[in-house]
Amino acid sequence: DAGVTQSPTHLIKTRGQQVTLRCSPKSGHDTVSWYQQALGQGPQFIFQYYEEEERQRGNFPDRFSGHQFPNYSSELNVNALLLGDSALYLCASSLQGALGNIQYFGAGTRLSVL
Amino acid sequence: AQSVAQPEDQVNVAEGNPLTVKCTYSVSGNPYLFWYVQYPNRGLQFLLKYITGDNLVKGSYGFEAEFNKSQTSFHLKKPSALVSDSALYFCAVRDLGGSARQLTFGSGTQLTVLP
């Protein structure tokens, strides 16, 4: 049973560029959440997708956008990259409505903005 | 609003000794509480959770956590530490009384187990 998979593993971009990160949830899960983890910090919530809609959003600008596909996989898009966007981007999947609602995380995509 | 505090950036313990990693939380309603572990260049791995019921929760790899409502704490414990337990540990909370669907994480505690 495959867990949460993310691609690519590493990415290097320059300021002003755009990037797309991808996530496939754990089998049987229908909800995907994205987090940003800056160096030396805990993960910060970006947004959550369920039924192909953004259900909740954290304190991130509109440059951060996402999408969920019918197969529950998800993309995170970041436009007009800034140096401060350099971080580990984590995808977590869960089952909506499940008691305890454990979020399972992928290994992350390391984004470096130069 | 929901928040988590991990007051110790670093915890050092000798192998074989008991370990404790501290966590306190703030929510308006009842909390879901979680502990995750992160190894270098890896994502977060789920260790254990508290929803309701017994205040002592047992999880993976011999870890347990004690929920204390009066002190709003959820400390992670292990009776006998292993060198392989060395990693970054995160406490997280979700407020059942609010509209938040996301987890709020603490800043993390680096655990080092010395041989």
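With 40 Å² as the minimum drop in accessible area between chain alone and full protein complex (1.4 Å probe), the qualifying residues in segment A:56-75 are A:GLN56.
What percentage of the solvent-accessible surface of segment A:5-113, computed with a 1.4 Å probe over protein heavy atoms, is contributed by carbon and sulfur atoms? Using a 1.4 Å probe with all protein chains present, segment A:5-113 comes out at 48 percent carbon and sulfur.
Less than 5 angstrom separates the built amide H of B:SER107 from those of B:GLN6, all sequence-distant by 5 or more or on a different chain.
A loss of 20 Å² or more of accessible area (1.4 Å probe, protein heavy atoms, ligands and nucleic acids excluded) relative to the isolated chain is seen in these residues of segment B:71-115: B:PHE90, B:ARG94, B:ARG101, B:GLN102, B:LEU103, B:PHE105, B:SER107.
When every Cα-Cα distance of chain A is counted in 5 angstrom steps from zero, the calculated P(r) takes the values 2, 13, 24, 26, 19, 10, 4, 1, 0 percent.
Of all DSSP-defined beta bridges confined to segment A:5-113, some 90% are antiparallel rather than parallel. With the convex hull drawn around the C-alpha atoms of the protein assembly as shown, the volume per residue stands at 124 Å³.
Largest GNM mean-square fluctuation among A:ASP85, A:ASP62, A:ASP30, using chain A with Cα springs under 10 Å: A:ASP62. About the centre of its Cα atoms, the protein assembly as shown shows a dipole size close to 220 debye [charges on the beta carbon of Lys, Arg (+1) and Asp, Glu (-1) only; nearest 20 debye]. Solvent-accessible area lost on pairing B with A (1.4 Å probe, both sides summed) amounts to about 1700 Å².
Database remark: amide H of A:GLN96 closer than 5 angstrom to the amide H of A:ASP30, A:THR31 (H placed geometrically; neighbours at sequence offset of 5 or more, or on other chains; Pro and chain starts carry no H). Loop-located chymotrypsin sites (Phe, Trp or Tyr not before Pro) in segment B:1-44 (DSSP state other than H, G, I, E, B) with a sparse environment of at most 11 neighbouring Cβ atoms within 10 Å are absent. Think of a 1.4 Å ball rolled over the protein heavy atoms: the protein assembly as shown then has 47 Å² of accessible area per residue. Computed from backbone phi with θ = phi - 60° and the Karplus coefficients 6.51, -1.76 and 1.60, the 3J(HN,Hα) list for segment B:63-72 is 7, 9, 9, 10, 8, 10, 5, 5, 9, 6 Hz; x is used for glycine and proline. Length gained on full extension, B:SER107 to B:GLU66: 12.8 nm, using 0.36 nm per residue less the C-alpha separation. Scalar couplings 3J(HN,Hα) for segment B:30-36, obtained by applying the Karplus form with A = 6.51, B = -1.76, C = 1.60 to θ = phi - 60°, are 8, x, 9, 10, 9, 10, 10 Hz; x denotes Gly and Pro. Where q = 0.13, 0.15, 0.18 Å⁻¹, what log10 of I(q)/I(0) comes from the Debye formula for segment B:3-114, counting one point per Cα? Log-scaled intensity ratios, in q order: -0.44, -0.59, -0.84.
The values are calculated or read from the model by the stated rules, or taken from the named source; none is laboratory data. Owing to the predicted nature of the structure, the values given are computational and were not obtained by experimental measurement. Reconstructed Cβ throughout: ideal geometry from the backbone, glycine too, with neighbour counts over all protein chains shown. We work out accessible area using only protein heavy atoms, side chains counted, and drop any ligands, DNA or RNA first. Shrake-Rupley method; radii C 1.70, N 1.55, O 1.52, S 1.80 Å.
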